[in-house]
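Accompanying notes for the structure given below.
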Amino acid sequence: MNKQYILAIDTSCDDTSAAVTCDTTILSNVVASQTELHKPYGGVFPTVAKLAHSENIDRTIQVALSRAKISMTKIAAIAVTVGPGLAPALEIGISTAKKLAQEYKKPLIAVNHIEGHVISVLAKPAERTKKISTDSPQFPALSIIVSGGHTQFVLLKSLGEYQILGSTLDDAAGECLDKIGRMLNLGYPAGPIIENFAKLGDRNAYSFPLPLTTIKTFDVSFSGMKTYSRNLLQKLTAKKPLSKQEIYDFCASAQYGVFRHICYKLQKVLVDLHQKNAGNTIDLAASEIKDLQNLAIKEIWLGGGVAANMTLRKMIRQTISKYNTQIKKRTDGDPAKTNIQNSEIATFRAPISKRLCADNAAMIGIAAATKLQAGAFNDLESLERVPQLKLQ
Ligand code: KG4
Ligand code: ZN
């Protein structure tokens, strides 16, 4: 079969990105970052983002095509992010995709940005290295999206079949880290700086609260941690500014607080689903989720900007192995319970590079691949941005 190349575009937030992909293989993935432009604002300023996208988009696409050594004539379809994201920013990517689709008579595929982050774990480089797993994904899988705009637990029954199990009730995890970083004057985005400072600090120096332990849903919340940080900082700096070591300790403790909350809820999702699979009657969130039968999670996926954080990856691996040990203990030596043994998590996947964790167009191209195979194209006239687009 002929190789089907996709030209993908993402302008959902503050990065202008274009990529060429083929199924799950990345041929090029170009990102023109606007971080420096937004630094003075301590966050993304939408009109500044729009202007920078419109200045950078054509060149970014040209570079993506030339790095992939693919001309527009060889492109099978154009994929573009339609939401969620900043409306003025999305608009530039969509209008550019439409223009190219018209000029070169190519079909258009609308992609949800979150679906891109979910699928980013399947991305492979064009040159295979031994380290990269090429195993096909096993379903159902549970994807944890942790970015600057979203924090969600997404169940994948198959590729393209999503169910959101839990979401943030307020701020996203990355947003919370960025805001705490701002209180400490660390610069923007603060997530990666906090990760580095945390390596030099003691995560138990300050005890951050563990939110939402008494509610039975899989939702998360980070606004309390932000308030807790502000109050604690006020107290700590009342007499003198924080020392370097105190800043490192604060970063380590805050980061641990944010990730401990995610892992606590991950553990809850796994245990609740396991209970449901085992046929137990439960008064837990899983019992309220419809069509959730015989779903033994096989894989855990992690995506989004914060997935670049190695401490988060380590804590998720530890959560999975703790859960697997618990399951083993409960079922060992009892043949009647072998079906429950299938509940062990076999695989943990995260994107192969930091670039694939942050916003990028390659993940959009890879998410569009199944739609290209199915011929599920979007109408050029009616394609519009959907800033609040949901995954399901
Ligand atoms: O996915 P992303 O690039 O954009 C959104 O769609 O939101 O995520 C950006 C977020 C920012 O909050 C940034 O601080 C955070 O990801 N981030 C990190 C790390 N790298 C980026 N947070 C913690 N540790 C990191 N290494
Ligand atoms: Zn994103």
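None of the figures in this text is laboratory data; all of them are computed from the coordinates on show. The structure presented is a predicted model; accordingly, all values stated were derived computationally and were not measured. Cβ atoms come from the backbone with ideal geometry, glycine included; neighbour counts cover every protein chain shown.
For segment 41-195, the relative contact order comes to 16 percent (Cα pairs under 8 Å, sequence separation of at least 6). Average projection, convex hull of the Cα set of segment 171-239: 5.4 square nanometres.
Per residue of segment 254-262, what does 6.51 cos²θ - 1.76 cosθ + 1.60 with θ = phi - 60° give for ³J(HN,Hα)? Whole Hz please, x for Gly and Pro, Karplus curve as stated. Coupling constants for segment 254-262: 5, 4, 4, x, 5, 6, 5, 5, 4 Hz.
Less than 5 angstrom separates the built amide H of I300 from those of L142, T347, F348, R349, all sequence-distant by 5 or more or on a different chain. Overall form of segment 69-166: oblate. Here a/c, set by the Cα gyration tensor axes a ≥ b ≥ c, is 1.5 or more, and a/b is not larger than b/c. Dipole check for the chain: with +1 at the C-beta of Lys and Arg, -1 at the C-beta of Asp and Glu, and the Cα centre as origin, the magnitude is about 1000 Debye.
Taking G166, G93, G365 in turn, the Gaussian network model of the chain (Cα-Cα springs below 10 Å) assigns the largest fluctuation to G166. Counting helices only, and only those DSSP H runs with n ≥ 4, report the 222 nm mean residue ellipticity of the chain as the sum of -39,500 (n - 2.57) divided by its residues, in deg cm²/dmol to the nearest 500. The helix contribution divided over the chain gives -13000 deg cm²/dmol. Scalar couplings 3J(HN,Hα) for segment 183-191, obtained by applying the Karplus form with A = 6.51, B = -1.76, C = 1.60 to θ = phi - 60°, are 4, 9, 6, 8, x, 10, x, 7, x Hz; x denotes Gly and Pro.
Here is the list for segment 15-75: trypsin sites (Lys or Arg not before Pro) lying in DSSP coil, each with at most 14 other C-beta atoms within 10 angstrom of its C-beta, are K69. Across the chain, C-alpha contacts under 8 Å between residues 6 or more apart give a mean separation that, scaled by the residue count, equals a relative contact order of 24 percent. Distance between the 7 Å Cα→Cβ label points at Q388 and N185: 3.9 nm. Taking amide H as placed 1.01 Å from N in the peptide plane, V386 has its amide H under 5 Å from the amide H of G83, each at least 5 places away in sequence or on another chain. In this structure, T370 and N231 have a Cβ-Cβ separation that, at R0 = 56 Å, corresponds to a calculated FRET efficiency of about 0.75. Every Cα-Cα pair in segment 128-187 was counted, and those over 18 Å apart are 55% of them. How large is log10 I(q)/I(0) at q = 0.10, 0.13, 0.14 Å⁻¹ when the Debye formula is applied to the Cα atoms of the chain, each weighted equally and without solvent? The computed values of log10 I(q)/I(0) come out as -0.68, -1.09, -1.22. Would any residue of segment 358-392 have its amide N under 12 Å from a label point 7 Å out along Cα→Cβ of L51? List them or say none. Backbone N within reach: none found. All alpha carbon pair distances within segment 4-145 were sorted into 10 Å bins beginning at 0; the resulting P(r) in whole percents reads 12, 39, 34, 14, 1.
Karplus-based coupling profile of segment 356-368, in residue order and whole Hz: 6, 7, 6, 4, 7, 7, 4, 5, 6, x, 5, 5, 7, with θ = phi - 60° in 6.51 cos²θ - 1.76 cosθ + 1.60 and x standing for Gly or Pro.
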